[in-house]
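Heads up: the structure comes next, in structure tokens.
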Amino acid sequence: MKNLIIVESPAKARTISNFLSKDYKVIASKGHIRDLPKSAFGITVDENTGDLVPKYSIPRDANPTVKELKKLAKEAETIYIATDEDREGEAIGYHIARAIGKDPEALPRIVFHEITKSAITHALENPRKVDMDSVDAQQTRRILDRIVGYKLSPLLASKIQKGLSAGRVQSSTLKLVVDKEREIKAFKPEEYWTIDAKFQKDIEASIYDYNGLKIEKLTISNEADATEITESAKTESFSVLSIDKTKRKTKTPPPFMTSTLQQSASSQLGFSPKKTMMIAQKLYEGVKTDQGSMGVITYMRTDSMNLAKEAVSAARDYIKGNFGDKYLPAKAKSYVTKSKGAQEAHEAIRPTNVEFDAKTAAQYLSGDELKLYRLIYNRFLACQMTEAELESQTILFKGEKCTFKASGRKLLFDGFYKVTGYNEKDKLLPELEKGQSVSLDAIQQKQHFTEPPARYNEASLIKKLESL
């Protein structure tokens, strides 16, 4: 064995092995192989510099893996660190090197954002060194986690209730949930009334103006005012005051990053964030196909919306060939990440091969894996397609005192909805002429009360955390 490649996951190791010759041995560390001890604080202070110094140890269940890594490392001419390209992956690579007695910065470090033959080959041809800045960043986060959790959790357990714990992220998130609950409890509902009418040709409209006063959501605050307007409308004659038609475009959605994938999978598929990431991990690490095992999506832990030029070019070719020129914008689209503190070490989440479309994927994937892959695939294609075009329609019906407003919409061109689907039904208004008399066929007033803010669900909590 000339070359040893060390990754985190056994599934990832099996997929990569398919692309390489017998000169390469690919083995998994099975995650972290060094960490702060569970039975002690594990952090000391350097007397000279005042720096916090973590004292790492090898967990008992990682000892067999470390033993095998050391054995294989002695037999190899070259050892490649091939852990994920983020803070956590960089730290795992660093600890692997330390555990096998090697200088982390002396070992070639290879990175790839998808597990395909071309990506692995390119990575081996372009190794780099371990990024110690990323390692230091991960160690800092780990130290903060230990200080907060190890010091505060026992205090909470002894002073408030047994079993309580604290954490750097956990406690901050809990505050968001508590603040929201206090906001809900402090909420006082307000009464308001709506008045809806039906004009000839079944045109549904809502009160818009009364005696020159524009009606907002909370304008009609009691039954007496609502009744006054309703009774007035019943005696009035109405005609078409104005007809407006406005065309607008709906922007294409950006490609997925981790948080937006979790949010969309939650709202559209009913998946929890944990379930989404478990399935995405499988799609990334390898799917069995007729050509062998291959990763069908890029790395799923990313805060970037960047896309490789080759992937965008392939998507544009696919769109043109399968949907036609009218679905292809003149220029390729690019997107900018808005979240604060983004690492942007990876691409956005996308399929590794645009020809592995939903129809092809159905031959090798099923159930939830196929659902999530379709979501990712369609979002990637959509982000490079033309915008959808809609027409908004507004008609105002004017009486002596009351003015009612009817709204409609029509999809003129589906654009990216061709792949993502358009879930709203067109609401078409009949053709009328300005000044035309219309009859009021029905009118109804209804009482409402304002609702308190909604509690966080998993998707909305992720979105809130991302915005901070």
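Scanning residues 5 or more positions from Leu412 or on other chains, those with amide H under 5 Å from its amide H are Glu389, Leu390, Glu391, with H placed 1.01 Å from N in the peptide plane.
Counting charges near Lys25 (Lys, Arg +1; Asp, Glu -1) among other residues having Cβ under 15 Å from its Cβ returns a value of +3.
With the helix formula -39500 (n - 2.57) applied to DSSP H stretches of n ≥ 4, the chain reaches a computed 222 nm mean residue ellipticity of -11500 deg cm²/dmol.
The long axis of helix 367-382 is offset from the longest Cα principal axis of the chain by roughly 70 degrees. Given R0 = 51 Å, the distance between the Cβ atoms of Asp103 and Lys410 translates into a calculated FRET efficiency of 0.15.
Taking the C-alpha atoms only, the angle from helix 63-75 to the longest principal axis of the chain is near 60 degrees.
Here's the list of lysines a cross-link from Lys185 could span, going by alpha-carbon distance under 29 Å and ignoring same-chain residues fewer than 8 apart: Lys159, Lys162, Lys175, Lys217, Lys446, Lys463, Lys464. Translational diffusion coefficient of the stretch 252-361 (Stokes-Einstein, Kirkwood radius from Cα pairs, 4 °C, 1.567 mPa s): 85 µm²/s. Sorted into 10 angstrom bins from 0, the C-alpha pair distances of the stretch 3-139 split as 12, 42, 32, 11, 3, 0 percent. Between Ser39 and Glu204, the contour length at 0.36 nm per residue exceeds the Cα-Cα span by 52.6 nm. When you restrict to C-alpha pairs under 8 Å that are six or more residues apart and normalise by the size of the stretch 149-223, the relative contact order lands at 21 percent. Listed peptides 134-144, 321-331 appear in the order 134-144, 321-331 once ranked by packing, highest mean of other Cβ atoms within 10 Å at the front. A protection proxy built from the mean count of other Cβ atoms within 10 Å ranks the segments 61-72, 102-113, 154-165, most packed first, as 102-113, 61-72, 154-165. Here the peptides 49-57, 301-309, 457-465 are ranked by packing, the mean other Cβ count within 10 Å, and the order with the highest first is 301-309, 457-465, 49-57.
Read-outs: derived from the displayed coordinates by stated rules, not from any lab. For clarity, every value in this text was computed on a predicted model and none was experimentally measured. For neighbour counting, all protein chains shown are included, and Cβ atoms are generated from backbone atoms with ideal geometry for every residue, glycine included.
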